[in-house]
1. If r is the Cβ-Cβ distance from E207 to Y182 and R0 is 25 Å, what FRET efficiency results, to the nearest 0.05?
2. Residue by residue through segment 152-157, which ³J(HN,Hα) values in whole Hz follow from phi under the Karplus form 6.51 cos²θ - 1.76 cosθ + 1.60 (θ = phi - 60°), with glycine and proline marked x?
3. When the accessible area of the chain is computed with all protein chains present and a 1.4 Å probe, what percentage of it is carbon and sulfur?
4. Which label marks the calculated value of mean projected area of the Cα convex hull in nm², given the options [x] 18.4; [y] 12.6; [z] 11.2?
5. How much length is gained if the chain between E218 and A72 is pulled fully straight, taking 0.36 nm per residue apart and subtracting their Cα-Cα distance, in nm to one decimal?
6. Along the charge dipole of the chain, which of T163, C48, F38 sits closest to the positive end, that is, farthest toward it, with unit charges on the beta carbon of Lys, Arg, Asp and Glu (+1, +1, -1, -1)?
7. Mind putting a number on the dipole of segment 97-207 about its Cα centre? Charges go on the C-beta only, +1 for Lys and Arg and -1 for Asp and Glu, and I need it in Debye to the nearest 20.
8. Under the 0.36 nm per residue contour assumption, what length would be gained going from the current alpha-carbon distance of V59 and L168 to full extension?
Amino acid sequence: MKLLCIFFLMFSINLVNASSIPTSWSKTKEVARDKVYFDHAITKYCGCSYEPKGVSGGVIDNIACGYDGSEAKYKNAITVLDWEHVVPASLTPAKQMACWVNGSRHVCERTSKDAQAIIFDLHNLVPSVGQTNRIRSDTRYGIIEGEARKLGQCDFEWTDDITEPSELIRGDMARIWLYMSYKHDVDISEEEYLMFLRWSLSDPPDEWEFIRNSRIKELQGNSNIFVDMFIL
């Protein structure tokens with residue numbers, strides 16, 4: 001019954017067109033940090049707090065959260081705040097646009113409103129320890145059997161092809177993937193789709209996710225219906 005309700009909501013609720021997408025990557029990160037996460041300065045994968053620094057960056061407190069990236073690559077980004085695309089920009093339709101094919105992502109960010117609507121969508125951005133963001137790169141999500149933790153207390157596992165988020169946040173990440181597929185036609189396989197539905201149902205939104213969704217709707221003009229459906 002729950003799955004039937006989800007499929008019904010997918011096709012019966014209209015998403016509002018985004019009305020105020022930022023026009024630069026720098027501005028997008030600034031808005032995310034200062035207008036969405038201003039009172040929830042916690043990284044997504046590892047639960048590390050950060051202090052804002054500069055226009056849109058921050059410094060990670062990796063000691064307090066038990067984060068240890070000394071045995072992994074990208075050590076120079078252990079205390080750096082990144083704003084991560086949960087669905088990597090390179091896996092979105094923006095990469096197929098002429099501005100990217102004949103230029104680059106940066107060209108799309110400067111010149112294409114269609115690409116900006118995808119790449120700068122605030123629903124797809126989360127704060128991340130710079131090291132984890134760079135380790136993940138543009139891999140997809142999945143389950144890694146028997147993979148040991150390599151970053152101290154942070155429940156973040158990876159291979160060259162897959163990243164496995166903690167059970168505590170899988171629903172959050174799944175709802176972002178489902179949203180990006182529905183809103184921006186991001187390609188996900190049937191197997192992934194069913195996995196994300198399972199993750200979403202087993203890990204419903206918490207209070208912060210509802211607050212985040214509401215703030216982004218106010219800023220951007222549309223909400224994530226895969227969060228909204230838990231309110232009905």
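1. 0.60
2. x, 7, 6, 7, 9, 10
3. Roughly 52 percent of what the probe reaches on the chain is carbon or sulfur.
4. Of the listed options [x] 18.4; [y] 12.6; [z] 11.2, [y] comes from this structure.
5. Here the answer is 48.7 nm.
6. Toward the positive end, the furthest listed residue is F38.
7. Working: 12 positive and 21 negative charges, 108 e Å.
For segment 97-207, the charge dipole is close to 520 debye.
8. 36.9 nm
The values are calculated or read from the model by the stated rules, or taken from the named source; none is laboratory data. Keep in mind that what you see is a predicted model, and the values were worked out from it rather than measured. Here Cβ is always computed from backbone atoms with ideal geometry, including for glycine, and neighbour counts include all displayed protein chains. We work out accessible area using only protein heavy atoms, side chains counted, and drop any ligands, DNA or RNA first. Shrake-Rupley method; radii C 1.70, N 1.55, O 1.52, S 1.80 Å.
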